[in-house]
Amino acid sequence: ILNTIDGKQHLINLTIQTLEERLPRQFVRISRASIVNFNHILEAQKFFGGKYILYMRDPKKSKIETGSKYVENLTKLLEI
């Protein structure tokens, strides 16, 4: 399921790996199941085990936890 900033959801028939390859550079994979647009990250807070909690700029201020294998993807782009 693809979630948009305005709260809409879309069912897509792509693997997350294929989606990751097709999206522009501002999209970063942060876990096995999540890709985010780093332009829509409001705040990134360090979390247990070297992970981060991301607070998004959507109306609900969604909170997403990074996967430990994907932290480097995020830190390179955000220069945390």
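The values are calculated or read from the model by the stated rules, or taken from the named source; none is laboratory data. Being a predicted model, the structure only gives us computed values, none of them experimental. Positions of Cβ are backbone-derived with ideal geometry, glycine not excepted, and every protein chain shown enters the neighbour counts. Ligands, DNA and RNA are stripped out before the accessible areas are found, and what is left, the full protein with its side chains, is counted by its heavy atoms. Shrake-Rupley method; radii C 1.70, N 1.55, O 1.52, S 1.80 Å.
Straight-line cross-link reach from Lys69 at under 19 Å between alpha-carbon atoms covers these aspartates and glutamates, not counting any fewer than eight positions away in the same chain: Glu20, Glu21, Glu79.
Ignoring everything except DSSP H segments at least 4 long, calculate the 222 nm mean residue ellipticity for the chain; use -39,500 (n - 2.57) per segment, divide by total residues, nearest 500.
On the way: 2 runs with 15 residues, N = 80.
Theoretical 222 nm ellipticity from helices: -5000 deg cm²/dmol.
Neighbours of Lys46 by Cβ distance under 15 Å: Lys/Arg scored +1, Asp/Glu scored -1, total -2. Annotation: lysines with alpha-carbon distance below 20 angstrom to Lys61 (same-chain offsets under eight excluded): Lys8, Lys46, Lys51.
Checking every one of the trypsin sites (Lys or Arg not before Pro) in the stretch 28-67 against DSSP loop status and a limit of 10 other Cβ atoms within 10 Å picks out Arg32, Lys60, Lys61.
Where Rh is the Kirkwood radius over the Cα pairs of the stretch 1-71, the temperature 4 °C and the viscosity 1.567 mPa s, what D in µm²/s does Stokes-Einstein return?
Taking Rh from Cα pairs, D becomes 102 µm²/s.
Local charge sum around Met56 (other residues, Cβ-Cβ under 14 Å, Lys/Arg +1, Asp/Glu -1)?
On the way: positive: Arg57, Lys60, Lys61, Lys63; negative: Asp6, Glu43, Asp58, Glu65.
Once all neighbours under 14 Å are counted, the net charge is 0.
Heavy atoms only, probe 1.4 Å: what % of the accessible area of the chain goes to carbon and sulfur, would you let me know? Taking all protein chains in place, the chain shows 49 percent carbon and sulfur surface.
Dipole check for the chain: with +1 at the C-beta of Lys and Arg, -1 at the C-beta of Asp and Glu, and the Cα centre as origin, the magnitude is about 120 Debye. Would the stretch 38-80 count as rounded, prolate or oblate if I go by the C-alpha gyration tensor, calling it rounded below 1.5 in a/c and otherwise prolate when a/b exceeds b/c, oblate otherwise? Verdict is oblate for the stretch 38-80.
Give me the net charge of Ala33's neighbourhood, meaning all other residues with Cβ under 13 Å from the Cβ of Ala33; Lys, Arg count +1, Asp, Glu -1.
It works out to a net charge of +1.
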